[in-house]
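The values are calculated or read from the model by the stated rules, or taken from the named source; none is laboratory data. In this text the structure is predicted, and so the values were computed from the model without any measurement. With ideal geometry, Cβ positions are generated from the backbone for all residues, glycine too; neighbour counts draw on all protein chains shown. Heavy atoms of the whole protein, side chains included, go into the accessibility calculation; ligands, DNA and RNA do not. Shrake-Rupley method; radii C 1.70, N 1.55, O 1.52, S 1.80 Å.
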Amino acid sequence: AQRVTQPEKLLSVFKGAPVELKCNYSYSGSPELFWYVQYSRQRLQLLLRHISRESIKGFTADLNKGETSFHLKKPFAQEEDSAMYYCALKAFNKFYFGSGTKLNVKP
Amino acid sequence: NAGVTQTPKFRVLKTGQSMTLLCAQDMNHEYMYWYRQDPGMGLRLIHYSVGEGTTAKGEVPDGYNVSRLKKQNFLLGLESAAPSQTSVYFCASRTAAGGGEKLFFGSGTQLSVL
């Protein structure tokens with residue numbers, strides 16, 4: 001069965017510090033993974049997808065099939081990065097989300 | 001461009017009452033989804049639709065029904081509300097076209113069942 005695990009409910013860092021939000025998945029097929037973000041009083045929105053291998057707002061994520069991980073990283077956190085982050089797995093027509101990690105970037 | 005619109009935004013029900021949540025999208029998307037968001041549990045898929053006239057169960061379908069009579073609308077019904085259905089409900093849609101993995105979300109409906 002497919003599952004997405006985000007082990008940290010809350011991650012607090014200081015501005016300028018590196019950030020890593022962890023995501024592990026369980027899926028027997030070829031995974032398609034995403035990071036979604038929900039800023040305060042805004043809609044949930046796509047941050048990045050693994051197939052694009054892009055950097056959005058300074059964030060990157062690499063799919064590691066050996067470790068079944070898709071961790072989200074940013075070298076220098078900014079206060080505006082404070083938000084709820086969800087890792088998601090696409091399996092056929094369905095999207096499975098993790099429980100989310102709240103990132104709090106302190107000044 | 002409205003995108004995905006959910007109505008109502010807030011609702012309080014008594015146990016046993018029924019209600020329908022409406023999701024409307026103006027992007028001509030084929031796929032539509034209903035999720036519930038609960039603290040510590042993230043988003044869980046209730047039901048989804050791959051096109052007009054089709055629906056399918058997700059992870060937590062019990063106690064809910066859905067209909068997709070028109071391509072732009074996806075309705076979520078609670079026939080007999082229970083306190084366990086207190087949650088924030090999100091609708092999402094996406095295109096079936098190539099590269100259409102991006103979900104577009106509504107702003108959510110906060111439902112309380114007393």
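For the range A:89-107, how many residues are within 14 Å of another protein chain (Cβ to nearest Cβ), open to solvent by 60 Å² or more (accessible area, probe 1.4 Å) and touching a residue at least 40 places away in the same chain (Cβ under 8 Å)? Matching residues across the range A:89-107 total 1. Got at least one residue in the range A:75-88 being within 14 Å of another protein chain (Cβ to nearest Cβ) and open to solvent by 40 Å² or more (accessible area, probe 1.4 Å)? Within the range A:75-88, one or more residues are within 14 Å of another protein chain (Cβ to nearest Cβ) and open to solvent by 40 Å² or more (accessible area, probe 1.4 Å). Among the residues of the range A:39-57, the one identified as away from chain B (no Cβ under 12 Å), farther than 28 Å from residue B:5 by Cβ and either within 13 Å of the chain's Cα centre (by Cα) or touching a residue at least 24 places away in the same chain (Cβ under 8 Å) (or both) is A:55.
When you check residue A:8 against the structure, is it open to solvent by 60 Å² or more (accessible area, probe 1.4 Å), of a type in the set (Asp, Glu) and either closer than 24 Å to residue B:92 by Cα or part of a loop (DSSP other than H, G, I, E, B) (or both), yes or no? Judged against the criteria, residue A:8 is not a match.
For the range A:16-28, the criterion of being open to solvent by less than 40 Å² (accessible area, probe 1.4 Å), part of a loop (DSSP other than H, G, I, E, B), closer than 17 Å to residue B:43 by Cβ and not hydroxyl-bearing (Ser, Thr, Tyr) is satisfied by at least one residue.
Of the strands (runs of 3 or more DSSP E) that lie entirely inside the range B:6-71, those containing 1 or more residues that are closer than 20 Å to residue A:36 by Cα and open to solvent by 50 Å² or more (accessible area, probe 1.4 Å) span B:42-49.
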